[in-house]
1. Are there any strands (runs of 3 or more DSSP E) wholly within region 1-112 with 1 or more residues that are more than 15 Å from the chain's Cα centre (by Cα) and at pLDDT 95 or above, and if so which?
2. Quick one: which of ALA89, ALA105, ALA112 is surrounded by 15 or more Cβ atoms within 10 Å (Cβ to Cβ) and closer than 17 Å to PRO52 by Cα?
3. Please go through region 104-115 and pick out each residue that is without any contact (Cβ under 8 Å) to a residue 24 or more places away in the chain and over 18 Å from GLY14 (Cβ atoms).
4. Taking region 68-83, which residues are surrounded by fewer than 19 Cβ atoms within 10 Å (Cβ to Cβ) and without any contact (Cβ under 8 Å) to a residue 40 or more places away in the chain?
5. For region 37-53, which positions are closer than 12 Å to GLY104 by Cα and not basic (Lys, Arg)?
6. Does region 113-137 hold any residues that are assigned to a loop (DSSP other than H, G, I, E, B) and closer than 20 Å to TYR62 by Cβ, and which are they?
7. Filter region 115-136 down to the residues that are surrounded by fewer than 14 Cβ atoms within 10 Å (Cβ to Cβ) and of a type in the set (Gly, Ala, Ser) and list them by number.
Amino acid sequence: MPIDSARPKENAMGLDMYAYRMDPSIPGEKATDFDLPEGTRAKQFHYWRKHPNLHGWMEQLYRSKGGTDEFNCATVLVSEEDLDALEAAVKGEELPETHGFFFGASHPEQKADDLVFIARARAVIASGDIVVYTSWW
């Protein structure tokens with residue numbers, strides 16, 4: 001699925017961030033830079049708007065898994081181990097300070113939503129699907 005087709009039309013320019021669930025066979029062995037399938041084979045289960053510090057953490061994850069493209073409309077697989085590391089960073093308030101054009105600013109109240117995402121993502125993985133993060137800015 002092209003990322004731009006999933007972008008909410010009512011939002012003005014800015015950082016839109018998405019988590020999808022899908023069958024593990026779709027990306028194959030790739031951990032980054034795979035296409036989201038069209039139709040019902042990928043389902044969005046979480047959305048953030050202008051949370052640059054979480055986006056910065058996800059970009060670090062993307063780079064650690066071999067991603068080299070501009071981190072815009074790129075995909076990265078998020079594993080159970082990644083969720084453990086993310087949870088520690090969120091709880092310890094250690095998400096990297098991240099800035100970008102139209103990114104906005106992260107706020108302390110986003111911590112609760114990040115923990116909701118982590119719980120949902122763990123449930124997705126427990127069901128046998130994979131978790132994919134992507135964004136548009």
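The values are calculated or read from the model by the stated rules, or taken from the named source; none is laboratory data. Nothing here was measured: the structure is a model prediction, and the numbers come from that model. Glycine also receives a Cβ, built like all others from the backbone with ideal geometry; neighbour counts cover every protein chain displayed.
1. Output list is empty.
2. Every option except ALA89 fails the conditions.
3. Residues satisfying the conditions are PRO108, LYS111, ALA112.
4. Within region 68-83, THR68, ASP69, GLU70, GLU81 qualify.
5. Within region 37-53, TRP48, HIS51, PRO52, ASN53 qualify.
6. Selection gives ASP129, TRP137.
7. Matches in region 115-136: ALA119, ALA123, ALA126, SER127, GLY128.
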